[in-house]
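The values are calculated or read from the model by the stated rules, or taken from the named source; none is laboratory data. In this text the structure is predicted, and so the values were computed from the model without any measurement. Using ideal geometry, Cβ is built from the backbone for each residue, glycine included, and neighbour counts are taken over all protein chains shown.
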Amino acid sequence: MNINWTKERSLAFTRFLTISFLVVAGALIFLIPFITIWYDSVSGKDPIVIVLSVCFYLCDIIAIVALWNLLRLLTNISKQELFTEKNAGCVRVISWCCYGVAAVFAVLTFWRLLALIVAFIAAFVGLILRVVKNMLTAAAEMREENDYTI
Amino acid sequence: MPIIVNLDVMMAKRKISAGDLAEKINITPANLSILKNNKAKAVRFSTLEAICSALDCQPGDILEFVKDE
């Protein structure tokens, strides 16, 4: 079994998934009004089309930022640049994006209590990414020290 | 930086070029340049031993401690 081939293929698949999500996030910009109207019609609760649209648009923008940083991260990984400050910065941005989504859904909780679950999950993922970012920063420092040990 | 690498002084005394020294001690010229320009964060004993052997000197001839003002 050729391990290198599998690694490259896995990276290509991840890149394909990220680009697919980016396309979906881009398409959602045009679809959000229809989705919110449809949701309001089936939910049977007080209409919150405007609130929902604003929340979804904010989350969509945040998702595009996160996906763009994920793509940058994947590009760096394919260039064998793993433990660098640049990558730690990308993970930090993605982590803040998760906190952003958590904040948006926390506000949405005033209208729909179930949004609290999404807010909690987003904040939890943000926390995990923050730990990963701290680990990457430490690894980048160690790599630099190793590179400058003659 | 409190520890100064005086490799260039010793190299001038022994009249040896950076390329020749790098080849003798089996490190890349880029790494020797890092060492010479005081950019290194650490020096392995094996590297120090090879340098001392190639330049026929003591570690103290290459490394110098300067107190921070």
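Among the listed residues A:112, A:130, A:143, identify the single one that is among the charged types (D, E, K, R), assigned to a helix (DSSP H, G or I) and either more than 14 Å from chain B (Cβ to nearest Cβ) or over 26 Å from residue A:76 (Cα atoms) (or both).
A:130
Name the pairs: first residue in region B:24-52 and of a type in the set (Gly, Ala, Ser), second residue surrounded by fewer than 18 Cβ atoms within 10 Å (Cβ to Cβ) and part of a loop (DSSP other than H, G, I, E, B), Cβ to Cβ under 6 Å, at least 6 apart or on different chains?
Close Cβ pairs satisfying both conditions: B:40/A:148.
Has region B:40-50 got at least one residue that is over 25 Å from residue A:146 (Cβ atoms) and over 11 Å from the mean Cα position of the chain (by Cα)?
Checking region B:40-50: not a single residue is over 25 Å from residue A:146 (Cβ atoms) and over 11 Å from the mean Cα position of the chain (by Cα).
Pick out the one residue from A:106, A:66 that is over 22 Å from residue A:19 (Cβ atoms) and either at pLDDT 95 or above or part of a helix (DSSP H, G or I) (or both).
Of the residues listed, the single one that is over 22 Å from residue A:19 (Cβ atoms) and either at pLDDT 95 or above or part of a helix (DSSP H, G or I) (or both) is A:106.
Taking the condition within 11 Å of chain A (Cβ to nearest Cβ) and more than 12 Å from residue B:63 (Cα to Cα), does residue B:33 pass?
Yes, satisfied.
Does residue A:140 meet the test of being surrounded by 13 or more Cβ atoms within 10 Å (Cβ to Cβ), within 17 Å of the chain's Cα centre (by Cα) and small (Gly, Ala, Ser)?
no
Go through A:83, A:105 for me and flag whichever is in contact (Cβ under 8 Å) with a residue 60 or more places away in the chain, touching a helix residue (DSSP H, G or I) at 6+ places or on another chain (Cβ under 6 Å) and more than 14 Å from chain B (Cβ to nearest Cβ).
A:83 is the lone residue from the list that is in contact (Cβ under 8 Å) with a residue 60 or more places away in the chain, touching a helix residue (DSSP H, G or I) at 6+ places or on another chain (Cβ under 6 Å) and more than 14 Å from chain B (Cβ to nearest Cβ).
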